[in-house]
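A.B. asks: Sharing a structure below in structure tokens format, with a few things to ask.
The values are calculated or read from the model by the stated rules, or taken from the named source; none is laboratory data. A quick note: this is a predicted structure, and the numbers were derived from the prediction, not measured. Neighbour counts run over all protein chains shown; Cβ positions are idealised from the backbone, glycine included. To get the accessible areas, we keep the full protein, side chains included, count just its heavy atoms, and leave off ligands, DNA and RNA. Shrake-Rupley method; radii C 1.70, N 1.55, O 1.52, S 1.80 Å.
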Amino acid sequence: MKEKFSPKYDVIKLNKRLWFHFSGVRKLQFVLVLVLTIFTSLAEVVSLGALVPFLSALINPEIVFEHVWVKPVVKFFRITSPNSLLLPLTVMFGLAAILAGFMRLLQSYININLSYSTGADLSAKIFRLTIYQPYYIHASRNSSTVINTIANKSTNVTSSCIGAVVSIFSSGLITLSIVATLILINPSVAIISFLGFSLIYLTK
């Protein structure tokens, strides 16, 4: 009986098989990308955490001024009145947002660069194995066709498998950390918003 086609299973299975063809340096780089993804997630969490006191200072600075977590900021900047909290909290939120944006851009750049560098490694390995085949095999086929096939297949593997998995994993971990932070801040609003956006996305 013919096995059912499962794109998700095929991509996961293919990436597992590809992993054994990666060099030690590439494997280390993938581990470092995982570490970078964790730091990017933390930067997103920090930016969300800085948003709450910033909005609270705009609405009711007196409550924020008396909050135990804001006391170190008040003491460091020598703030004497609640209205003076707005400037340092604005600066903190701005820096946190810039840091989170920079980390996301860095994450995207490294993900793309690593995916295509890995694809280039695989192309070179395939070409090297092809070159070492017996002479009668080379004599029976067109060399330009072989080169085009290697280039096309490696590009498909890079974009559809390696790049897709790296991107999905990074985005998934960052999204999970953001959702977890929102649930800690306000569980009901976070869950309703998450379900609402998910429903909108699925109905497109």
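A.B. asks: Considering only residues of region 62-71 that are open to solvent by 80 Å² or more (accessible area, probe 1.4 Å) and part of a helix (DSSP H, G or I), which is nearest to I98 (Cα to Cα)? Please lay out each step first, then the result.
C.D. replies: Taking region 62-71 as the starting set, the residues that turn out to be open to solvent by 80 Å² or more (accessible area, probe 1.4 Å) are 62-63, 66-69, 71.
Right, trim to part of a helix (DSSP H, G or I) and you get 62-63, 66, 71.
On the way: E62: 27, I63: 27, E66: 27, K71: 24 Å.
That would be K71.
A.B. asks: Is it true that T37 is modelled with pLDDT of 80 or more and in a helix (DSSP H, G or I)? Walk me through it before giving the result.
C.D. replies: Values: modelled with pLDDT of 80 or more: yes; in a helix (DSSP H, G or I): yes.
Yes.
A.B. asks: Does region 40-61 hold any residues that are loosely packed, with under 12 Cβ neighbours inside 10 Å and either touching a helix residue (DSSP H, G or I) at 6+ places or on another chain (Cβ under 7 Å) or assigned to a loop (DSSP other than H, G, I, E, B) (or both), and which are they? Steps first, please.
C.D. replies: First pass over region 40-61, keeping only residues loosely packed, with under 12 Cβ neighbours inside 10 Å: 59-60.
Answer for region 40-61, where residues must be loosely packed, with under 12 Cβ neighbours inside 10 Å and either touching a helix residue (DSSP H, G or I) at 6+ places or on another chain (Cβ under 7 Å) or assigned to a loop (DSSP other than H, G, I, E, B) (or both): just N60.
A.B. asks: Could I ask something else about it? For region 17-33, name all the residues that are in contact (Cβ under 8 Å) with a residue 12 or more places away in the chain and either in a loop (DSSP other than H, G, I, E, B) or open to solvent by 40 Å² or more (accessible area, probe 1.4 Å) (or both).
C.D. replies: Residues of region 17-33 that are in contact (Cβ under 8 Å) with a residue 12 or more places away in the chain, as a first pass: 18, 21-23, 26, 29-30, 33.
Within region 17-33, H21, F22, S23, R26, Q29 qualify.
A.B. asks: Would you check which residues across region 43-75 are within 14 Å of L184 (Cβ to Cβ) and either of a type in the set (D, E) or at pLDDT 75 or above (or both) and list them? If you could, list the steps in order and put the result at the bottom.
C.D. replies: Our first condition is that a residue be within 14 Å of L184 (Cβ to Cβ); within region 43-75, this holds for 44-46, 48-49, 51-52, 69.
Hits for region 43-75 are E44, V45, V46, L48, G49, L51, V52.
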